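Undergrad: Got a structure for you, questions after.
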Amino acid sequence: MRGRSYSPSPPRAYSRRGRSPSPRGRYGGGRGRDLPTSLLVRNLRHDCRPEDLRRPFEQFGALKDIYLPRDYYTGEPRGFGFVQYSDPHDAAEAKHHMDGRVFLGRELTVVFAEENRKKPVDMRARERPRGRVGDRRRSPPRYSRSPRHSRSPPPRQSRSPPPRHARSRSHSRDYYSPPKRRHHSRSVSPQERRYSQEKSYSRSRSRSQTPNRGQSRSPARIQSRSPRRSRSLNHDDYPKEVNGVNFLDRMVPGRLLLLIVTTVHYASGAFVGINIGTDVSNMPSAPDVVAILKANQITHVRLYDADAHMLKALADSGIEVMVGVTNEEILGIGESASKAAAWINQNVAAYLPSTNITAIAVGSEVLTTIPNVVPVLVPAMNYLHKALVASNLNFQVKVSTPQAMDVIPRPFPPSTATFNSSWDSTIYQILQFLKNTNSYYMLNAYPYFGYTSGNGIFPLDYALFRSLPPVKQIVDPNTLSHYDSMFDAMVDAAYYSINALNMLSGPIVVTETGWPWLGGANEPDATADNAKTFNNNMIQRVRNDSGPPSQPNFPINTYIYEMFNEDKRPGPVSEKNWGLFFINGSSVYTFSLGTSSRVTGNNSDFCIAKPNADPGKLQVGLNWACGQGGANCSVIQEGQPCYLPNTYQNHASYAYNDYYQRMHAAGATCDFDGTATTTTVNPSYGSCKFSGSSTITTNSTAGFTPSVAPGPVTPQGGSGTTNLQVLRIQFVISSMFLALVLL
């Protein structure tokens with residue numbers, strides 16, 4: 001989340017970088033006409049066209065010719081081509097820069113063509129003529145591409161240190177803003193024209209079939225699922241699991257295997273976890289934080305770093321932990337396997353199995369917050385996974401990287417959503433890594449930003465999971481799927497974007513979502529009531545164990561942002577007020593963690609003076625509450641209902657409580673230099689009525705009360721829960737057996 005203002009930068013692959021000196025010395029310094037001018041480019045996609053190659057290669061100099069050979073007998077592309085320059089020095093520089101670059105999801109190999117090889121124009125003359133009589137085969141499919149392709153910049157580029165506040169939410173969500181106009185025109189393909197005539201609601205941006213973002217796409221989402229024999233960019237780079245789940249890959253088809261893995265993964269039901277940020281004044285101690293987590297039955301947490309105190313405090317708690325690699329650490333880990341191994345040994349292996357670490361989040365929204373680190377993001381994930389394999393922890397701990405919704409420029413309608421073409425290559429590598437390591441995609445999805453940046457296009461109730469009347473229900477015009485919430489639409493947009501890259505979708509975990517409960521004058525939707533509504537409804541939605549319309553069998557495990565208000569964070573008022581709890585352990589507002597327990601917004605309803613408090617300190621506290629604190633002290637004046645008994649304790653109790661009730665939602669505590677305490681007993685008497693919030697009941701019959709976070713808790717265990725788990729396990733075993741029998 002936390003990357004707030006992002007303007008997509010132009011694709012680096014086609015930016016005109018400063019020309020580095022050509023490596024001319026390696027050719028012996030002969031005359032220009034004796035140097036080679038033709039390059040052999042290998043590992044091209046079979047649907048690559050000459051115009052696709054022209055733009056990245058012509059930045060190094062004038063081109064004479066581009067030729068892509070085809071098989072003499074079949075007419076099929078052969079996966080390589082020739083690029084000829086007018087100037088041999090331009091050819092040398094192009095070879096230097098383009099060899100090893102990523103193009104259309106492939107890593108290119110660029111070498112000089114042999115001197116005695118015929119020129120492209122000569123080779124073209126040998127091509128077997130193809131006509132209606134001589135060749136009955138259909139020509140390979142052509143894809144209309146936008147000139148804007150995405151490639152990862154080479155590791156030779158210098159990298160500046162990442163910014164200090166990289167973990168930040170992005171304000172520029174532009175959830176429903178129109179797509180940016182492309183800089184190059186593209187003629188409409190016959191297929192696109194046909195669909196535009198058939199469906200009036202077809203969008204100008206249809207779905208893509210390859211990792212290239214600019215291909216012609218149709219709203220019908222006709223995708224090729226046939227396997228390709230191409231040498232993928234990263235099949236050799238990412239180690240596949242050698243046992244366990246991938247052992248079944250040799251026997252079970254991919255989709256069936258994914259279904260089995262997902263069924264096992266979600267057998268115990270979807271969970272709602274919480275993020276723990278530490279930009280907090282007076283941050284509670286690690287043991288106190290864990291006590292709050294236990295008291296509120298929070299079973300999953302995400303840490304933004306590998307804080308040793310928190311990891312130790314979480315030991316033997318039963319809480320599943322997602323530990324974070326900070327954005328600042330990615331650069332070093334991505335360039336050194338030994339640093340990655342050291343990080344795993346120090347921050348993961350050292351705490352297992354006592355601390356239940358189950359995932360590593362590599363950075364936070366790296367693509368949209370620190371693009372200079374993008375080239376080493378996937379290598380860092382790869383090194384960390386290899387270190388886990390070496391420690392035999394790769395089945396216990398999964399590696400992924402959270403990304404913002406900003407990588408999907410137009411998430412609605414979900415069926416036409418695609419990733420930003422600038423990041424296609426990197427996202428494709430990430431998805432391939434997740435597939436090969438049986439991990440999952442991490443998404444930061446904030447309906448708050450989607451709603452506030454939507455300029456009223458969608459109703460607030462849609463963002464808050466509230467029911468909509470039939471005339472206002474949100475429907476995808478292409479799939480006719482109904483979306484009950486913006487949250488579901490965002491998650492589905494990510495699924496469709498993954499499928500647009502011809503990648504098989506695994507589960508998506510929402511690593512951040514939430515709603516700020518306090519905002520500035522220009523943030524009217526950041527209110528405690530909206531935050532309470534959003535989080536309670538979101539918890540109920542996740543707990544129903546279903547997925548979005550396109551993936552109903554994939555429940556949406558979710559982490560709420562966040563545990564405490566990070567008041568030290570820069571930005572507007574809302575940026576500092578996302579927390580569910582105050583630092584004393586009381587909750588900001590009432591929220592339900594499940595079907596049987598409820599956390600109250602004020603566990604101790606009244607703030608009163610301690611009976612044996614020092615009168616001098618009580619007078620100081622009373623004066624502060626009635627003065628700077630803004631308490632209403634008129635009722636404790638002579639002749640008013642709360643004047644008698646005329647004692648410091650009585651007057652201070654009323655003033656303390658009035659201040660506390662007014663300011664508790666903003667973080668006020670009941671302390672007053674140790675002279676105050678909280679109580680659930682109403683101190684009102686006669687006509688003197690103390691203001692106070694009503695106590696909210698709970699269905700739980702027992703509770704555990706830590707010293708810092710009093711509150712009711714649902715008892716663990718129970719025969720009903722045990723029977724449910726047994727039934728789920730039996731269902732998983734039955735599903736796996738049935739799948740193998742069907743084969």
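The values are calculated or read from the model by the stated rules, or taken from the named source; none is laboratory data. Keep in mind that what you see is a predicted model, and the values were worked out from it rather than measured. Here the Cβ positions follow ideal geometry from the backbone for every residue, glycine too, while neighbour counts run over all protein chains shown.
Undergrad: Could you tell me whether Asn502 is touching a Pro at 6+ places or on another chain (Cβ under 9 Å), over 16 Å from Asn535 (Cβ atoms), in contact (Cβ under 8 Å) with a residue 40 or more places away in the chain and not in a strand (DSSP E or B)?
TA: For Asn502, the condition - touching a Pro at 6+ places or on another chain (Cβ under 9 Å), over 16 Å from Asn535 (Cβ atoms), in contact (Cβ under 8 Å) with a residue 40 or more places away in the chain and not in a strand (DSSP E or B) - is met.
Undergrad: Quick check on my filter: what residues within the range 662-679 are without any contact (Cβ under 8 Å) to a residue 40 or more places away in the chain and not in a loop (DSSP other than H, G, I, E, B)?
TA: Residues satisfying the conditions are Arg662, Met663.
Undergrad: Additional query: If a residue must be crowded, with 16+ Cβ neighbours inside 10 Å, among the small types (Gly, Ala, Ser) and not in a loop (DSSP other than H, G, I, E, B), how many such residues does the range 608-637 contain?
TA: Selection size over the range 608-637: 3.
Undergrad: Can I ask one more? Scan (1) in contact with a helix residue (DSSP H, G or I) (Cβ under 8 Å, 6 or more places away or on another chain); (2) surrounded by fewer than 17 Cβ atoms within 10 Å (Cβ to Cβ); (3) of a type outside the set (Phe, Trp, Tyr) for the single condition Asp71 breaks and write down its number.
TA: (1)
Undergrad: Continuing with this model, one more query. Taking Trp517 as meeting all but one of (1) touching a Lys or Arg at 6+ places or on another chain (Cβ under 8 Å); (2) under 17 Å from Val272 (Cβ atoms), write down the number of the exception.
TA: Trp517 satisfies all of (1) touching a Lys or Arg at 6+ places or on another chain (Cβ under 8 Å); (2) under 17 Å from Val272 (Cβ atoms) except (2).
Undergrad: Among the residues of the range 81-106, what is the count of those that are farther than 17 Å from Leu63 by Cα and buried (at least 20 other Cβ atoms within 10 Å of the Cβ)?
TA: Count: 5.
Undergrad: Moving to a separate point now. Provide a single number: the residues in the range 95-107 that are on the phi < 0 side of the Ramachandran plot and either in contact with a helix residue (DSSP H, G or I) (Cβ under 6 Å, 6 or more places away or on another chain) or of a type outside the set (A, V, I, L, M, F, W, C) (or both).
TA: So the count comes out to 8.
Undergrad: Here is a follow-up. Can you name every one of the strands (runs of 3 or more DSSP E) wholly within the range 388-467 that holds 2 or more residues which are farther than 24 Å from Ala526 by Cα and of a type outside the set (Val, Ile, Thr)?
TA: Because the criterion is at least 2 residues that are farther than 24 Å from Ala526 by Cα and of a type outside the set (Val, Ile, Thr), the strands (runs of 3 or more DSSP E) in the range 388-467 that meet it are 398-400, 441-444.
Undergrad: In addition: Taking the range 441-470 on its own, how many of its residues are touching a residue at least 40 places away in the same chain (Cβ under 8 Å), closer than 20 Å to Trp517 by Cβ and not hydroxyl-bearing (Ser, Thr, Tyr)?
TA: Qualifying residue count, the range 441-470: 10.
Undergrad: Of a type in the set (S, T, N, Q) and modelled with pLDDT of 95 or more - does that describe any residue in the range 514-529?
TA: Among the residues of the range 514-529, not one is of a type in the set (S, T, N, Q) and modelled with pLDDT of 95 or more, which makes the answer no.
Undergrad: Let me ask something additional. Can you say whether Gln473 is more than 18 Å from Met538 (Cβ to Cβ) and crowded, with 24+ Cβ neighbours inside 10 Å, as far as the supplied structure shows?
TA: Considered against the rule, which asks whether it is more than 18 Å from Met538 (Cβ to Cβ) and crowded, with 24+ Cβ neighbours inside 10 Å, Gln473 comes out as no.
Undergrad: Say we look at the range 322-367 and pick out the residues that are surrounded by 24 or more Cβ atoms within 10 Å (Cβ to Cβ) and polar (S, T, N, Q); which of these is farthest from Phe395 (Cα to Cα)?
TA: Asn327
Undergrad: Within the bounds of the range 532-543, is there any residue that is surrounded by 18 or more Cβ atoms within 10 Å (Cβ to Cβ), part of a loop (DSSP other than H, G, I, E, B) and out of contact with any Phe, Trp or Tyr (no Cβ under 7 Å at 6 or more places or on another chain)?
TA: yes
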